[in-house]
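Engineer: This is the structure I want to talk about, given as structure tokens.
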Amino acid sequence: MITLASINLEAAGRRLPMLFARGVVPAAGIAFFLLIWHITANNIDTSLGKFPGPAQVWEQSNSLYEEHLEQREKAERFHERQEKRNAEKLAKNPDAEVKWRSYTGKPSFLDQIFTSLYTVMFGFVLASAVAIPLGIACGLNERIYQAFNPIIQVFKPVSPLAWLPLVTMVVSALYVSDDPMFEKSFLNSAFTVALCCLWPTVINTTVGVAGIDRDLVNVGKVIKLPPMTHVAKIVLPSSVPMIFTGLRLSLATGWMVLIAAEMLAQNPGLGKFIWDEFQNGSSNSLARIMVAVVTIGLIGFALDRCMLLLQRRVSWDKSAVLR
């Protein structure tokens with residue numbers, strides 16, 4: 001006789017291998033990596049002392065968070081003093097002109113994380129807005145593909161370090177304003193990211209559109225769909241998996257490019273944090289740099305997971321798995 005308890009035990013038995021594969025095995029891998037890191041770090045001497053191990057990196061991550069809280073307290077006190085001063089000035093003279101100034105203290109590590117995320121998303125969205133339509137056009141029209149393919153192949157392997165000086169000169173020449181909306185260092189980093197994000201999305205979108213089932217294309221021709229309706233109803237749904245493959249590659253590329261761009265452009269993000277700590281040369285600098293390295297890796301992983309979840313949400317193909 002089959003009982004509810006036996007069914008539950010059987011279901012639990014089927015789940016155990018999955019839980020082991022998704023939980024225990026990754027945890028064991030991480031523990032092994034931390035052990036090797038700890039042993040190796042103790043045997044590496046640098047000009048600034050021992051190479052930081054996991055314990056030192058964890059300690060500095062807590063220190064950076066405490067510094068963030070201190071900066072927030074300083075900013076709050078600054079705004080409180082400003083409000084009090086302006087209130088006293090208005091009490092004496094209601095027609096007086098008061099000034100409101102932004103807090104200009106040193107950005108904290110968390111502030112620099114958000115700056116980097118904002119910069120990379122700005123460049124990524126800008127690149128995607130160009131790359132997806134261009135890839136669709138290349139996939140639908142052989143002549144357009146033949147015209148743009150040499151350009152794509154030439155500029156695809158260009159390093160961001162080669163683009164950055166050119167971008168800096170162009171931004172300095174064209175972006176002239178007494179009250180700029182964006183800092184030039186931000187634009188230099190964002191446009192460099194955009195230039196390097198273009199190519200994976202263009203190439204994968206082109207491949208995805210060109211590989212659409214010909215039966216679907218012929219159906220669109222038979223019922224005489226307008227060009228934009230053909231793109232919206234047939235091209236995009238069919239090529240979404242390849243488009244998202246390109247977007248994921250582009251976002252990963254942009255995140256890697258951003259760090260180097262921020263180092264050179266001095267945009268106040270994670271790249272500048274690493275460069276400043278390297279120049280600082282204190283006993284804690286190496287550990288702080290390792291905090292940034294781990295943070296960059298974790299954020300890159302999280303961005304890729306978010307793109308994959310978005311792909312599963314908008315795509316008809318629900319077989320995409322989180323790997």
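The values are calculated or read from the model by the stated rules, or taken from the named source; none is laboratory data. Fair warning: this is a prediction, and the values are worked out from it, not measured in the lab. Cβ placement follows ideal geometry from the backbone for every residue including glycine, while neighbour counts extend to all protein chains displayed.
Engineer: If I go through region 40-62 residue by residue, how many of them are surrounded by 11 or more Cβ atoms within 10 Å (Cβ to Cβ), without any contact (Cβ under 8 Å) to a residue 24 or more places away in the chain and assigned to a loop (DSSP other than H, G, I, E, B)?
Structural biologist: So the answer is 2.
Rundown of residues vs (1) touching a strand residue (DSSP E or B) at 6+ places or on another chain (Cβ under 9 Å); (2) farther than 30 Å from Thr192 by Cα; (3) not charged (D, E, K, R), yes/no style:
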| position | (1), (2), (3) |
| --- | --- |
| Pro226 | no, yes, yes |
| Thr229 | no, yes, yes |
| Ala232 | no, yes, yes |
| Ser238 | no, yes, yes |
| Leu247 | no, no, yes |
| Glu262 | no, no, no |
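Engineer: Could you give me the residue pairs with C-beta distances under 6 Å whose first residue belongs to region 227-239 and is buried (at least 18 other Cβ atoms within 10 Å of the Cβ), whose second residue is of a type in the set (Val, Ile, Thr) wherever it lies, and which are 6+ apart or on separate chains?
Structural biologist: Val235/Val209; Ser238/Ile212; Ser239/Val209
Engineer: Do we find a residue being in contact (Cβ under 8 Å) with a residue 60 or more places away in the chain, in contact with a Leu (Cβ under 7 Å, 6 or more places away or on another chain) and assigned to a helix (DSSP H, G or I) anywhere in region 206-225?
Structural biologist: Within region 206-225, one or more residues are in contact (Cβ under 8 Å) with a residue 60 or more places away in the chain, in contact with a Leu (Cβ under 7 Å, 6 or more places away or on another chain) and assigned to a helix (DSSP H, G or I).
Okay, residues lined up against (1) touching a Phe, Trp or Tyr at 6+ places or on another chain (Cβ under 6 Å); (2) farther than 18 Å from Met256 by Cβ; (3) surrounded by 20 or more Cβ atoms within 10 Å (Cβ to Cβ); (4) outside the structural domain of Leu270 (by TED's automatic domain parsing):
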{"site": "Gln153", "(1), (2), (3), (4)": "no, yes, no, no"}
{"site": "Met169", "(1), (2), (3), (4)": "no, yes, no, no"}
{"site": "Val193", "(1), (2), (3), (4)": "no, no, yes, no"}
{"site": "Cys196", "(1), (2), (3), (4)": "no, no, yes, no"}
{"site": "Pro200", "(1), (2), (3), (4)": "no, no, yes, no"}
{"site": "Met242", "(1), (2), (3), (4)": "no, yes, yes, no"}
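Engineer: Which of the residues that make up region 76-117 are outside any loop (DSSP other than H, G, I, E, B), of a type in the set (Gly, Ala, Ser) and closer than 23 Å to Glu277 by Cα? Steps first, please.
Structural biologist: Here is the first cut: in region 76-117, the ones outside any loop (DSSP other than H, G, I, E, B) are 76-92, 109-117.
Subsequent filtering for residues that are of a type in the set (Gly, Ala, Ser) retains 87, 91, 116.
Answer for region 76-117, where residues must be outside any loop (DSSP other than H, G, I, E, B), of a type in the set (Gly, Ala, Ser) and closer than 23 Å to Glu277 by Cα: just Ser116.
Engineer: Just a yes or no: is a residue in region 293-307 farther than 15 Å from Ile113 by Cα, in contact with a strand residue (DSSP E or B) (Cβ under 8 Å, 6 or more places away or on another chain), modelled with pLDDT of 90 or more and not in a loop (DSSP other than H, G, I, E, B)?
Structural biologist: The initial filter retains those residues of region 293-307 that are farther than 15 Å from Ile113 by Cα, namely 304-307.
Filter once more, keeping what is in contact with a strand residue (DSSP E or B) (Cβ under 8 Å, 6 or more places away or on another chain): none.
Looking for residues that are farther than 15 Å from Ile113 by Cα, in contact with a strand residue (DSSP E or B) (Cβ under 8 Å, 6 or more places away or on another chain), modelled with pLDDT of 90 or more and not in a loop (DSSP other than H, G, I, E, B), one finds none in region 293-307, hence no.
Engineer: How many residues does region 267-285 contain that are outside any helix (DSSP H, G or I) and surrounded by fewer than 17 Cβ atoms within 10 Å (Cβ to Cβ)? So that I can check it myself, show each step before the final result.
Structural biologist: Filtering region 267-285 down to residues outside any helix (DSSP H, G or I) leaves 267-269, 281-284.
With surrounded by fewer than 17 Cβ atoms within 10 Å (Cβ to Cβ) added as a condition, the list becomes 281-283.
Count: 3.
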